[in-house]
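The values are calculated or read from the model by the stated rules, or taken from the named source; none is laboratory data. All figures in this text were calculated on a predicted structure; none of them were measured in a lab. All Cβ positions, glycine included, derive from the backbone under ideal geometry; neighbour counts span all protein chains shown. Keep in mind that these areas ignore ligands, DNA and RNA; they rest on the heavy atoms of the full protein, side chains included. Shrake-Rupley method; radii C 1.70, N 1.55, O 1.52, S 1.80 Å.
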Amino acid sequence: MMMGKRLVAGFYNGKTEEVARRLLGKILVHESPEGTTAGRIVEVEAYLSEGDPACHASRGKTKRNAPMFGPPGTAYVYLIYGIHYCFNVVTAPEGIGEAVLVRALEPVAGLDLMAVRRGGLEDKYSLCKGPGNLCAAMGIAKHHNSHDLSRVPLYLADDGKVCGEIVTATRIGISQAAELPLRFYLANSPYVSRK
DNA sequence: AGCAAGATTAGC
DNA sequence: CTAATCTTGCTA
């Protein structure tokens, strides 16, 4: 299944906010043993190393956030509230702890498998809505932590499709630095978790 | 060794 | 608005 060109290292050049915006419209693909699922990124949030206490890396490197300090294009996957996984793309150069949280996808392949993973949910607009939900639908879990996103089975690709207007907003679900404009989503997408 | 907090979600 | 559920990191 061809989902476009894999993203290469140069894609991550520039500030994390810019890379976050650049990730909108790109495709996340998971070729799992159960089948392939893929979704177009429609909503993201940037987490920065400086002036951003909401960022997991803001208090230095620990066992948990270590992948955030790895090379750009690394996956940072963690369990939140003991129940849901959150999927991030490491964006800053190695040694700097920054990442982009993917908050919503427009499903583009493997919708049936996504529905099964979501417990029979059939509404395509809800399949990958929210960071925990998209991980469930895509079959992303803790064993993907630290994975190199230029390689199978989990990778990012660009199918060349141009995305529309980008809206800048504040991040969801955080208590610190909640006023920073670090959330970005596609204005015309019905798959965004919240407008 | 104990404990509070957490980039969420579904259900009342 | 709250419970569910568990790993991590900080404090003692």
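Under the condition of being open to solvent by 30 Å² or more (accessible area, probe 1.4 Å) and at negative phi, the residues counted in the range A:144-171 number 17. Looking across the range A:112-121, the residues that are crowded, with 17+ Cβ neighbours inside 10 Å and more than 12 Å from DNA strand B (Cβ to nearest atom) come down to A:113, A:114, A:115. Checking A:136, A:169 one by one, the residue that is touching a Phe, Trp or Tyr at 6+ places or on another chain (Cβ under 9 Å) and either among the basic types (Lys, Arg) or more than 24 Å from residue A:17 (Cβ to Cβ) (or both) is A:136 and no other.
Filtering the range A:65-73 for residues that are within 16 Å of DNA strand C (Cβ to nearest atom), touching a His at 6+ places or on another chain (Cβ under 8 Å) and more than 20 Å from residue A:10 (Cα to Cα) leaves a non-empty set. Restricting attention to the range A:94-110, the residues that are open to solvent by 60 Å² or more (accessible area, probe 1.4 Å) and free of Cβ contacts under 8 Å to residues at least 40 places away in the same chain add up to 1. Can you find a residue that is of a type in the set (Asp, Glu) and either within 14 Å of residue A:46 (Cα to Cα) or at pLDDT below 95 (or both) anywhere in the range A:108-115? No, that holds for no residue.
For the range A:158-195, a residue qualifies if it is assigned to a strand (DSSP E or B) and hydroxyl-bearing (Ser, Thr, Tyr), and the qualifying residues are A:168, A:185. Hey, does the range A:35-47 have a residue that's surrounded by fewer than 22 Cβ atoms within 10 Å (Cβ to Cβ) and away from DNA strand B (no atom under 16 Å from the Cβ)? Within the range A:35-47 (the criterion being surrounded by fewer than 22 Cβ atoms within 10 Å (Cβ to Cβ) and away from DNA strand B (no atom under 16 Å from the Cβ)), the answer is yes, since at least one residue qualifies. Would you be able to say whether some residue in the range A:97-104 is in contact with a helix residue (DSSP H, G or I) (Cβ under 7 Å, 6 or more places away or on another chain), at pLDDT 95 or above, more than 16 Å from DNA strand C (Cβ to nearest atom) and among the basic types (Lys, Arg)? Yes, the range A:97-104 contains at least one residue that is in contact with a helix residue (DSSP H, G or I) (Cβ under 7 Å, 6 or more places away or on another chain), at pLDDT 95 or above, more than 16 Å from DNA strand C (Cβ to nearest atom) and among the basic types (Lys, Arg).
If you go through the range A:179-195 and keep only what is open to solvent by less than 70 Å² (accessible area, probe 1.4 Å) and within 16 Å of DNA strand C (Cβ to nearest atom), you end up with just A:193. Residues that are away from DNA strand C (no atom under 16 Å from the Cβ) and either buried (at least 19 other Cβ atoms within 10 Å of the Cβ) or farther than 25 Å from residue A:1 by Cβ (or both) within the range A:122-143 comprise A:127, A:128, A:134, A:137, A:138, A:139, listed in sequence order.
If I filter the range A:52-60 for residues that are open to solvent by less than 70 Å² (accessible area, probe 1.4 Å), farther than 16 Å from residue A:151 by Cα, charged (D, E, K, R) and in a strand (DSSP E or B), do I get at least one hit? So far as the range A:52-60 goes, no, none of its residues is open to solvent by less than 70 Å² (accessible area, probe 1.4 Å), farther than 16 Å from residue A:151 by Cα, charged (D, E, K, R) and in a strand (DSSP E or B).
Taken as a whole, the structure places residue A:66 among residues that are small (Gly, Ala, Ser), farther than 22 Å from residue A:163 by Cα, at pLDDT 95 or above and open to solvent by 10 Å² or more (accessible area, probe 1.4 Å).
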